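Here is the structure we will look at, set down as structure tokens.
The values are calculated or read from the model by the stated rules, or taken from the named source; none is laboratory data. Here the structure is a predicted model, which is why all the values come from computation and not from measurement. With ideal geometry, Cβ positions are generated from the backbone for all residues, glycine too; neighbour counts draw on all protein chains shown.
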Amino acid sequence: MRIITRGDEPAELAVVGSLHADEREGAEAINRLIPQLSVSRPTKFLVVTDSQQDTPGRESDPDLNRVFGKSGDTAVHEIAEEVLDEVGDCRVLDLHTTEATDEPFAILQQITDTKRELAAITGVDRVVDASELDDGLVAQVEGVAVECGLKHDGPDVNDASVETACKVTRRFLAANDATDGEQVRSDPTVYRIYDTISRPATEGELVIRVENFERVETGEEWLETDGKRRVASESFCPVLLSPSGYDDKLGYKAERVGALSEYRGE
Ligand SMILES: [Zn+2]
């Protein structure tokens, strides 16, 4: 874990990058921004993993972002505790990248007014309420996670996603009066996760025929495994859906519930 602080302790704001070791874009965004930023509020930048070989990657068992606030005695639980010790009292921006979609979106858990505000000032068009999962960093802190676009497959970075991560970080710092950069505000559409999409048992090819966030209707052909098409048994909006993002699932089912400004959580 690498920590860069600006201003006096205790830090009031925190930017977290590469909590998942296979997502290098967050760390790269922090590396690029540090020499450029003049920050006037105490701020901590936390690069949780410093290379793709670091544990915990998303392949780590358990996934680091699924153990926050959970008891356990693995090395991964220890890292989660260290991260919380560092940023637990801060407003947090947690930068991620994904295999699911190149469109940036925010993720909230256990929604509060501050978290709603933090999602709005990232300027994204969509926010996922993942309170159902209850185990990520942003469930434990006043913070927002942002999926900044596609992750690069391998040790390099996806440059477009790094640029998005830099842009979102600048907006987060400006809106929290840490820099005098440009402030934006959006009223994103909320998608509430209510179920997991399990991974069908197949060794063969798996082709997803629908787009993330676009509603799949009952009876619609949405997945092909081993050349066989599968139809949806209920309507849902797919979120974080990709053929290879997770070992145990394809992604999540969500319902579209309207504008964040009208939403108070379930
Ligand atoms: Zn991630």
Report summary line: Of E132, E78, the only residue that is among the acidic types (D, E) and assigned to a helix (DSSP H, G or I) is E78
**Report entry** Top-ranked residue in the range 125-147 [being touching a Ser or Thr at 6+ places or on another chain (Cβ under 6 Å) and more than 13 Å from the ligand (Cβ to nearest atom); ranked as nearest to L13 (Cα to Cα)]
**Finding:** E142
Query raised in the report: Among the listed residues V83, V16, which satisfies the condition of being assigned by TED's automatic domain parsing to the domain that holds V144, assigned to a strand (DSSP E or B) and within 14 Å of the ligand (Cβ to nearest atom)?
Result: V16
**Report entry** Boolean, A75 is farther than 24 Å from Y252 by Cβ and either small (G, A, S) or surrounded by fewer than 24 Cβ atoms within 10 Å (Cβ to Cβ) (or both)
**Finding:** yes
Query raised in the report: Among (1) away from the ligand (no atom under 16 Å from the Cβ); (2) under 15 Å from the mean Cα position of the chain (by Cα), which single condition is N31 missing?
Result: (2)
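So, E103, is that one surrounded by fewer than 18 Cβ atoms within 10 Å (Cβ to Cβ), of a type in the set (D, E) and either assigned to a strand (DSSP E or B) or modelled with pLDDT of 90 or more (or both) or not?
yes
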**Report entry** Per-region count, the range 243-266, residues over 20 Å from R116 (Cα atoms), modelled with pLDDT of 95 or more and either of a type in the set (G, A, S) or surrounded by fewer than 12 Cβ atoms within 10 Å (Cβ to Cβ) (or both)
**Finding:** 1
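So that you can scan it fast, the table gives a plain yes or no per residue for (1) in the same structural domain as F68 (by TED's automatic domain parsing); (2) basic (K, R); (3) buried (at least 21 other Cβ atoms within 10 Å of the Cβ):
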{"site": "R126", "(1), (2), (3)": "yes, yes, yes"}
{"site": "G143", "(1), (2), (3)": "yes, no, yes"}
{"site": "G149", "(1), (2), (3)": "yes, no, yes"}
{"site": "D153", "(1), (2), (3)": "yes, no, no"}
Query raised in the report: For the range 222-255, how many residues are in a strand (DSSP E or B), without any contact (Cβ under 8 Å) to a residue 24 or more places away in the chain and of a type in the set (D, E)?
Result: 1
Requested in this report: May I ask you to say which residue of L108, L95 is within 13 Å of the ligand (Cβ to nearest atom) and in contact (Cβ under 8 Å) with a residue 12 or more places away in the chain?
Outcome: L95
